[in-house]
Amino acid sequence: MRDKNNLDHPDFIAPDAIRARFSRAMSAMYREEVPQYGALLDLVADINARTLASQPALHARWAQAGELERLDVERHGAIRVGTPAELATLRRLFAVMGMEPVGYYDLSVAGVPVHSTAFRPVTDDALRANPFRVFTSLLRLELIADTELRERAAATLAQRRVFTARALELIVRSETDGGLSETDADIFVAEALETFRWHDTATVDAQTYLALQSAHRLVADVVCFRGPHINHLTPRTLDIDAAQSAMIAHGIDAKEVVEGPPRRACPILLRQTSFKALQEAVHFVGGEGGRSAGAHTARFGEIEQRGVALTRTGLALYDRLLAAVRDKDAAGSAAPDYDLRLAQVFRDFPDSHEALRTQGLAFYRYKPTAQMEAQPAALRAARAEADMEELLAMGWVQADPITYEDFLPVSAAGIFQSNLGGVEQRRYEGAAAQQAFESALGMPVHDQFALYETAQQRSVDSVRAALRGVPAAPTA
């Protein structure tokens, strides 16, 4: 299995295959570390199977769009790093697996002192092969008001090394040679996994931990341990409301509400819920025998349901409606009537694919139907410049929703806040700092809208090529 970057190296394995191996290895490790995550996987698999069985039209639509193959393997993870150097090396590590930074998310506006990006595949083919994503946050030490505490945190982070020497060596080899062999790829996956492994021994004493926790619980999670342990993994469900109810029915301590848009006939963007973070035994530096016992709360299990990607216009409408709900109550999604108010306000968001498409609110992938392909060549060619809506009405073209592959800052902050072991309501004065984030990253992040626009336009071009009877350009 090779890709366009290493066709001259027959012994190299494609980044898509390395990503798939890493995703499986990460899931197996997290299932062992957090057994309740395994229960979550079983629950989601059961709900997905029952949903597809009870909705034949949904099953057929997903099968036709090529979405079924990725459903069972789809995961996203989340990590938090402490320094620009760690972020820059993570970018290089994920690049070996064909994952690139997409989007900039400022979570400080929601009281979480980080800014983030999502490392993920960016091409249609790579997403179909394996859509594994890692939401990656960089701690903003400048938002810690206490100067002495900020300096202590920086000094602690400067002492740690979160990547193994072998992993760093293989990153350089991949960059230099243009890929990795089968053997090296297996070693790389095993070595890279060590960066994300949980360690129950802190790198600081209990007093330092508590001081950092008082600044923000997330600060303590990032600074006080040996590395950016994976704090959750997320399977994809077809019915997140059923998953939420099932967690409660199975005695799983679920988050009170689902983050994101309300339940809709045509799902949009991303809806997320989780079981609350577990309290885990840890050991701090100092005390009898050089260690003292304590506890830490950070790791949890999450479920997501993905809908169609929205255009800039669509996302602006979403943000405006969401703000209208949240601004009415300082408690935000924790308000007791939040779900009801959310559903009422979102009545103003069109809820049919035809409306979303024709009003320019969402992205779609167009492809020829059997009816079009059965038409005489001359008749097809005469329609080569026809509007897509006309071709849809004729039954010559079908429009499939383009899946939203990214994240929502308010939802991410809501999930983080509910799993930090306390209620964090503070706000930070710091504004978005994308330029500083990209400087730390070592490259600009991709504009997610540009990626969706390109995917949609590529599908339009493919339809027009089919009408003209000429070969379509290769998909990226």
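Using the Cα gyration tensor of the range 241-281, with a ≥ b ≥ c the square roots of its eigenvalues, what is the shape: rounded (a/c below 1.5), prolate (a/b larger than b/c) or oblate (neither)?
oblate
The chain: longest stretch without exposed trypsin sites (Lys or Arg not before Pro) (DSSP loop, at most 13 other Cβ within 10 Å), sites themselves excluded?
162-425
At a threshold of 8 angstrom on Cα-Cα distance, excluding pairs fewer than six apart, so keeping six or more, what relative contact order does the range 258-390 reach in percent?
Over the range 258-390, the number comes to 23 percent.
If we count GluC sites (Glu not before Pro) as exposed when they sit in a DSSP loop and have at most 15 other beta carbons within 10 Å, what is the longest stretch of the chain that avoids them all?
Here the longest segment lacking exposed loop sites spans 1-255.
At 10 °C and 1.306 mPa s, grab the translational diffusion coefficient of the range 63-215 from Stokes-Einstein with a Kirkwood Rh over Cα pairs, rounded to a whole number in µm² per second.
Diffusion coefficient, whole number: 90 µm²/s.
For a label point 7 angstrom out from the Cα of SER439 toward its Cβ, which stretches of the range 103-124 have the backbone nitrogen within less than 13 Å?
none
Before rounding to the nearest 500, sum -39500 (n - 2.57) across all DSSP H runs of length at least 4 in the chain and divide by the residue total; then give [θ] at 222 nm in deg cm²/dmol.
Calculated mean residue ellipticity at 222 nm is -14000 deg cm²/dmol.
Kindly work out what percent of the DSSP beta bridges joining two residues of the chain are antiparallel, to the nearest 5. Before the final figure, lay out the partial values.
Details: 39 of 50 bridges.
Percentage antiparallel, nearest 5: 80.
If you take the charge dipole of the chain about its Cα centre, with +1 on Lys and Arg Cβ and -1 on Asp and Glu Cβ, which of THR136, PRO267, PHE300 is farthest toward its positive end?
Highest projection toward the positive end goes to PRO267.
Given charges of +1 on the Cβ of Lys and Arg and -1 on the Cβ of Asp and Glu, with all other atoms neutral, how large is the dipole of the chain about its Cα centre, in debye to the nearest 20?
280 debye
With an 8 Å Cα cut-off and a minimum separation of 6 or more residues, compute the relative contact order for the range 154-269 in percent.
For the range 154-269, the relative contact order is 24 percent.
From Cα coordinates alone, what are the radius of gyration and Dmax values for the range 1-144 in angstrom?
For the range 1-144, the Cα radius of gyration and maximum Cα-Cα distance read 17.8, 53 Å.
Rounded to the nearest whole Å², what accessible area per residue is found for the chain with the 1.4 Å probe?
With all protein chains present, the chain gives 42 Å² per residue.
Can you tell me the relative contact order of the chain? Whole percent, Cα pairs under 8 Å, sequence separation 6 or more.
Worked out over the chain, it gives 19 percent.
As I understand it, the value is the acute angle between the Cα axis of helix 312-326 and the longest principal axis of the Cα atoms of the chain; what does it come to in degrees, rounded to 10?
Value to nearest ten degrees: 50.
Between GLU280 and THR369, what is the label-to-label distance in nm when each label sits 7 Å out along the Cα-to-Cβ direction?
Label-label distance for GLU280 and THR369, simple model: 5.1 nm.
Between ASP319 and ALA355, how high is the FRET efficiency from 1/(1 + (r/R0)^6) when r is the Cβ-Cβ distance and R₀ = 22 Å? Nearest 0.05.
Details: r = 19 Å, r/R0 = 0.85.
That gives a FRET efficiency of 0.70.
Quick one: angle between helix 147-158 and the longest Cα principal axis of the chain, in degrees between 0 and 90, rounded to 10, please.
The answer is roughly 70 degrees.
The values are calculated or read from the model by the stated rules, or taken from the named source; none is laboratory data. None of the values given here were measured: they were computed from a predicted structure. Note that each Cβ is placed from the backbone with ideal geometry, even for glycine, and that neighbours are counted across all protein chains shown. For the accessible areas, the whole protein counts, side chains as well, though only heavy atoms, and no ligand, DNA or RNA atoms are used. Shrake-Rupley method; radii C 1.70, N 1.55, O 1.52, S 1.80 Å.
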